[in-house]
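The values are calculated or read from the model by the stated rules, or taken from the named source; none is laboratory data. Note that the structure is a prediction, hence the values are computed from the model and not measured. In this analysis, Cβ positions are derived from the backbone assuming ideal geometry, glycine residues included, and neighbour counts consider all displayed protein chains.
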């Protein structure tokens with residue numbers, strides 16, 4: 001499982017230009033069953049994604065295709081988590 005943090009850079013003001021393409025990128029992540037949660041950071045500093053069903057290499061390639069990342073509107077940090085104990089509602093992560 002992965003957590004992706006997308007934090008706004010100095011180019012935050014360009015986000016509106018690429019928002020439609022960014023949302024299409026998110027939709028593709030859901031359609032491909034890689035993303036299962038996407039949301040905004042409470043501080044309006046960017047967003048976060050929880051992903052699974054992929055490798056670090058493939059996820060890094062996917063993240064690099066995000067228009068917000070490609071246009072340096074956000075910087076991306078990918079954190080990999082190996083689940084050791086999971087609530088039964090999240091058994092699909094194992």
How do the pairs read when you match residues in segment 11-33 that are closer than 23 Å to residue 59 by Cβ with residues anywhere that are part of a loop (DSSP other than H, G, I, E, B) and modelled with pLDDT under 95, using Cβ under 7 Å and keeping only pairs 6 or more apart or on different chains? 33/53
Going through 51, 24 one at a time, which residue ends up being at pLDDT 95 or above and in contact with a helix residue (DSSP H, G or I) (Cβ under 8 Å, 6 or more places away or on another chain)? 51
Quick test for you: out of 92, 36, 30, pick the one residue that is under 11 Å from the mean Cα position of the chain (by Cα) and modelled with pLDDT under 95. 36
(1) touching a helix residue (DSSP H, G or I) at 6+ places or on another chain (Cβ under 6 Å); (2) in contact (Cβ under 8 Å) with a residue 12 or more places away in the chain: which one isn't true of residue 86, the others all being true? (2)
Scanning segment 1-20 residue by residue, the ones that are within 16 Å of the chain's Cα centre (by Cα) and surrounded by 14 or more Cβ atoms within 10 Å (Cβ to Cβ) total 11
Of residues in segment 48-81 being in a loop (DSSP other than H, G, I, E, B) and either in contact with a strand residue (DSSP E or B) (Cβ under 6 Å, 6 or more places away or on another chain) or free of Cβ contacts under 8 Å to residues at least 24 places away in the same chain (or both), the one surrounded by the most Cβ atoms within 10 Å (Cβ to Cβ): 53
